[in-house]
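Asker: Below are the structure tokens for one structure; questions will follow.
Just so you know, all these numbers are worked out from the coordinates, no wet-lab data involved. Because the structure is a prediction, the values reported are computed rather than measured. Note: ideal-geometry Cβ built from the backbone for every residue, glycine included; neighbour counts use all protein chains shown.
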Amino acid sequence: MTLSSPSHKQPHRWGYKNSAFELNEDGTIQFTSTQPEYAFFANQPLPNFATFIQETLDISLDKNQQNVEASQKRIPPSHVSEEFAKAMEQMFPKEQFTTENQERLIHSHGQTTTDEVYKVVYNGTLTRTVDMVLFVRSSEDCRNIIQLAKEHNICLVPYGGGTSVSSALLLPENETRTIVSVDTKHMNQILSIDENNQLVRVQAGMVGQDLEKQLAEKGYTVGHEPDSIEFSTVGGWVSTFASGMKRHKYGNIEDIVVDFELLTPNGTLEQKSTFDRSAIGVQPRSFTLGSEGNIGIITEATLKIHPLPEVKQFNSMVFPNVENGIKLLKELSQTHPIPASVRLVDNPQFRFGLSLKVPPTDFLTKTIDSIKKFVLLKIKKMDPMQMCLATVLMEGSQAEVAQQQSTITRLAKKHKAVLAGESNGKRGYLLTNLIAYIRDFLADHHCIGETLETTVPWSQIESLCAAVNRTVQEQHKKHKLTGNPYCSYRITQLYHSSVCIYFTIGLVIKEVEKPEEVFAQIEESIRETVLEHGGSVSHHHGIGKLRKRFMDNSLTSTTKGALKAIKKELDPQNIFGIQNNVLGDAS
Ligand SMILES: Cc1cc2nc3c(=O)[nH]c(=O)nc-3n(C[C@H](O)[C@H](O)[C@H](O)COP(=O)(O)OP(=O)(O)OC[C@H]3O[C@@H](n4cnc5c(N)ncnc54)[C@H](O)[C@@H]3O)c2cc1C
């Protein structure tokens, strides 16, 4: 069977082919989908969403004036020498590799809005595309392609789910060698489960949701749940230093991954025996976590597993303002155990979420909703332009969840929050999986949207958020953009001294020449503001090529030199020439 990209997935935009936000003839918006997991939201009218978008951004949604996708993509020709083509035919069955245009374009980008998706979808092209795609099925295949690449001086780019949002998959324009994308998606097996020691060994191309489904059948979970879990892979998580929504319970990827196999041009990087902790000096895992495709292919990983939680319970809290919400989060972060996921959205994002609400049709829910509204607005006297929401997911034993529930209730009272119940919490949690579909819908209507995440100390949350908001307003003016700018944030992960903040920025780019370039400049200014106000260059999206120029802010030149020396040792020919982060600068 000829191997290929999954046919249920959009080739360039986000998500499943069968799922999209659509503008109806009557001017309302609807999310259509046949995915069972979206049933809570799909195929129902969203009467307030179009109005919210039009009023917030000051635009009119018009089917006849949509940004039109380039139907014919212009794909640079493939350059593969005769000798290399012959060597490939001798090494691999021909159904495993291809120079077909569509596959090459799919494998030449990730999901970064401006650098990648916008250019491919609307401009119909990228300056550089891979010359060949190889679908590997085993570690042996990976070893063989690395050997061939060394013999023929080929550049290799590992490819997982293609969900990168740091331009990590964007190809260097100055790369003159043949580029082969090494797609790991068919390395998608659980190799073994060690129930006694609570570990799973998996192939690195396994997609997150498949891993969770298969483990759940055996009563286990890894618990790593990034918003991209439907498409991102284990190898991608390790390589980008990912973080999931339930990190308070299960940890970030560095807490979850115990061991791995990374094949480099100079041999295998792995720890010979697997322990939770082993004081062997400098840890090889440090070079793998965050390696972003620069030194080799991660082929297998050992991850921690946990029995499925006895109880899984959602809740939510409405706050009179975001300041109260932050105070509650800080106190909550000092309790133990913290709920698996706690996310606080600011007022603009709260109103955005409300606009996506499917109105209840039955009398009982309608009545309950009006009572809730009455309590919040009339009795608690909350201001709709200040209110914000936190969604909570608790997982664990009956006793643990009961304890967390009681902590939430106590803190909510202290910080003047109103508990808003399970269904709002669940809905808020699940809605994040749909945000990227909204990004694509808005791009069709001349609005570019992007998320930007950072780690920031507790003490600087408010000043940083205010500064980002100011920068967005100033940039909107500076570039004479039409409409209103949109800037909102949510706090998604809590740490001892800091939090992770996700900003969502939306700007109208109608009648702007080269909008993707203008937006990219604006994004750079926002990132500068984040750094000036005490934020990190990234919490989990990684550096790739998008944030490379900010590395001086994070590493000294001596540190950079040491990292480059590692790259030179592992990959002296620069076979993995994707040029991400500092490691990729060593060539
Ligand atoms: C809608 C959306 C939501 C997201 N939510 C989150 C989130 O909650 N948390 C989070 O951390 N990230 C998130 N991301 C970012 C992205 O999903 C992560 O960076 C993810 O870890 C990338 O995995 P992937 O398999 O898609 O890797 P890819 O995008 O295919 O590759 C990313 C990088 O890793 C390298 N790579 C991939 N596989 C391997 C391998 N086997 N060996 C060596 N290198 C490899 C590639 O060369 C590339 O440099 C989100 C992205 C989107 C679009």
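Asker: Can you list the lysines whose alpha carbon sits under 22 Å from that of residue 478, skipping same-chain ones fewer than 8 residues off?
Answerer: Cross-link targets: 510, 514.
Asker: Give the residue from 260, 339, 59 lying farthest towards the positive end of the charge dipole for the chain; charges sit on Cβ (+1 for Lys and Arg, -1 for Asp and Glu) and the dipole is referred to the Cα centre.
Answerer: Result: 339, furthest along the dipole toward the positive end.
Asker: Name the shape class, rounded, prolate or oblate, that the alpha-carbon gyration tensor gives for region 489-560, where a ≥ b ≥ c are the square roots of its eigenvalues, rounded holds for a/c under 1.5, and otherwise prolate holds if a/b is larger than b/c and oblate otherwise. Intermediate results must be reported in sequence, preceding the final value.
Answerer: Numbers: a/c = 2.66, a/b = 1.38, b/c = 1.92.
Since a/c reaches 1.5 but b/c is at least a/b, the shape of region 489-560 is classed as oblate.
Asker: Rounded to the nearest 20 Debye, what is the dipole magnitude of the chain about its Cα centre when Lys and Arg each give +1 and Asp and Glu each give -1 at the C-beta? Walk me through the numbers on the way to the answer.
Answerer: On the way: 61 positive and 67 negative charges, 334 e Å.
Charge dipole, the chain, about its Cα centre: 1600 debye, nearest 20.
Asker: Calculated from DSSP H runs of 4 or more alone, at -39500 (n - 2.57) each and per residue, what is the 222 nm mean residue ellipticity of the chain, nearest 500? Kindly include the intermediate steps, with their values, before the conclusion.
Answerer: Details: 18 runs with 188 residues, N = 587.
Helix contribution divided over all residues of the chain: -9500 deg cm²/dmol.
Asker: Moving on to the next point. Please give the helix 398-414 orientation as an angle from the longest Cα principal axis of the chain, in degrees from 0 to 90, rounded to the nearest 10.
Answerer: Value to nearest ten degrees: 50.
Asker: Compute the long axis of helix 363-374 from its Cα atoms, compare it with the longest principal axis of the Cα atoms of the chain, and write down the angle in degrees, 0 to 90, nearest 10.
Answerer: Between the helix axis and the principal axis of the chain, the angle is about 80 degrees.
Asker: OK, next. Within region 1-44, list the GluC sites (Glu not before Pro) lying in a DSSP loop whose Cβ has at most 16 other Cβ atoms in a 10 Å radius. Show your work: numbers first, answer last.
Answerer: Numbers: sites: 22, 25, 37; in loops: 25.
Taking region 1-44 and a limit of 16 other Cβ atoms within 10 Å, the loop GluC sites (Glu not before Pro) found are 25.
Asker: With charges set only on the Cβ (+1 for Lys and Arg, -1 for Asp and Glu), what does the dipole of region 66-144 come to about its Cα centre, in debye to the nearest 20?
Answerer: Its charge dipole is roughly 180 debye.
Asker: Another question about this same structure. In whole Å, what are the extents of the chain along the principal axes defined by its C-alpha atoms, from largest to smallest?
Answerer: Here the spans come out as 76, 59, 48 Å, largest first.
Asker: Between residue 321 and residue 71, what is the label-to-label distance in nm when each label sits 7 Å out along the Cα-to-Cβ direction?
Answerer: The two pseudo-label positions are separated by 5.4 nm.
Asker: Hey, got the Cα dimensions of region 277-384 along the principal axes, in Å, largest first?
Answerer: 62, 33, 32
Asker: Next question, about the same structure. Tell me the label-point distance for the pair residue 101, residue 39, using the 7 Å Cα-to-Cβ offset, in nm and rounded to one decimal.
Answerer: 4.1 nm
Asker: With no solvent and one equal point scatterer placed on each C-alpha of region 344-481, evaluate the Debye formula and give log10 I(q)/I(0) for q = 0.09, 0.11, 0.16, 0.21 Å⁻¹, two decimals.
Answerer: Once normalised to I(0) and log-transformed, intensities are -0.39, -0.58, -1.17, -1.53.
Asker: Considering Cα pairs under 8 angstrom that are at least six residues apart, work out the relative contact order of region 209-334 and quote it in whole percent.
Answerer: The normalised contact order for region 209-334 reaches 28 percent.
Asker: How about residue 560: which lysines have a C-alpha closer than 16 Å to its C-alpha, ignoring those fewer than 8 places off in the same chain?
Answerer: Excluding near neighbours in sequence, the set is 545, 548, 568.
Asker: Using the Cβ atoms and a cut-off under 10 Å, what net charge is assigned to the surroundings of residue 113, where Lys and Arg are +1 and Asp and Glu are -1? Present the calculation step by step, with values, prior to reporting the outcome.
Answerer: Working: positive: 119, 439; negative: 115, 116, 440, 450, 516, 523.
With Lys, Arg at +1 and Asp, Glu at -1, the neighbours total -4.
Asker: If you average the sequence gap of Cα pairs under 8 Å that are 6 or more apart and divide by the length of the chain, what percent do you get for the contact order? Spell out each step's value before the answer.
Answerer: Values: 1142 pairs, mean separation 92.8, N = 587.
The normalised contact order for the chain reaches 16 percent.
Asker: Now a separate question. If we count other beta carbons within 10 Å of each Cβ, what is the order of 115, 227, fewest first? Walk me through the numbers on the way to the answer.
Answerer: Values: 115 24, 227 17.
Final ranking by Cβ density, sparse to dense: 227, 115.
Asker: Right, next: Based on other C-beta atoms within 10 Å, arrange 373, 218 from fewest to most.
Answerer: Values: 373 11, 218 14.
The order, fewest Cβ neighbours first, is 373, 218.
Asker: Please report the spacing between the Cα centers of region 217-270 and region 47-93 in Å, no decimals.
Answerer: 28 Å
Asker: Please report the relative contact order for region 164-267, taking Cα pairs under 8 Å with a sequence separation of at least 6, and give it as a percent rounded to a whole number. Show your work: numbers first, answer last.
Answerer: On the way: 113 pairs, mean separation 18.5, N = 104.
Relative contact order comes out at 18 percent.
Asker: Using a 10 Å cut-off around each Cβ, can you sort 458, 14 from fewest to most neighbouring Cβ atoms? Display every interim value, and only then the final one.
Answerer: Values: 458 16, 14 22.
The fewest-first ordering by Cβ neighbours comes to 458, 14.
Asker: Which of 101, 135, 220 sits closest to the plus end of the dipole of the chain, meaning its Cα is farthest towards the positive end, when Lys and Arg get +1 and Asp and Glu get -1 on the C-beta?
Answerer: 220
Asker: Nearest 10 degrees, 0 to 90: what angle lies between the long axis of helix 208-217 and the longest principal axis of the chain (Cα atoms)?
Answerer: 80 degrees
Asker: Quick check on region 91-239: take the gyration tensor over C-alpha atoms, sort the square-rooted eigenvalues as a ≥ b ≥ c, and tell me if it's rounded (a/c under 1.5), prolate or oblate. Intermediate results must be reported in sequence, preceding the final value.
Answerer: Details: a/c = 2.51, a/b = 1.45, b/c = 1.74.
Here region 91-239 falls in the oblate category.
Asker: Next question, about the same structure. If the reach is capped at under 18 angstrom between alpha carbons, list the aspartates and glutamates near residue 426, excluding any in the same chain fewer than eight residues apart.
Answerer: Once the sequence-local aspartates and glutamates are set aside, what remains near residue 426 is 37, 225, 227, 230, 310, 346, 369, 395.
Asker: Shifting gears a bit: Could you work out the local net charge near residue 182, counting Lys and Arg as +1, Asp and Glu as -1, over the other residues with Cβ closer than 12 Å to its Cβ? Write out the running numbers ahead of the final one.
Answerer: On the way: positive: 137, 143, 185; negative: 141, 183.
Computed value for this residue: +1.
Asker: So how many Lys-Lys pairs in region 194-290 land under 22 Å Cα to Cα, not counting same-chain pairs under 8 apart?
Answerer: Working: 213/246; 213/249; 218/246; 218/249.
Close lysine pairs under the 22 Å cut-off: 4.
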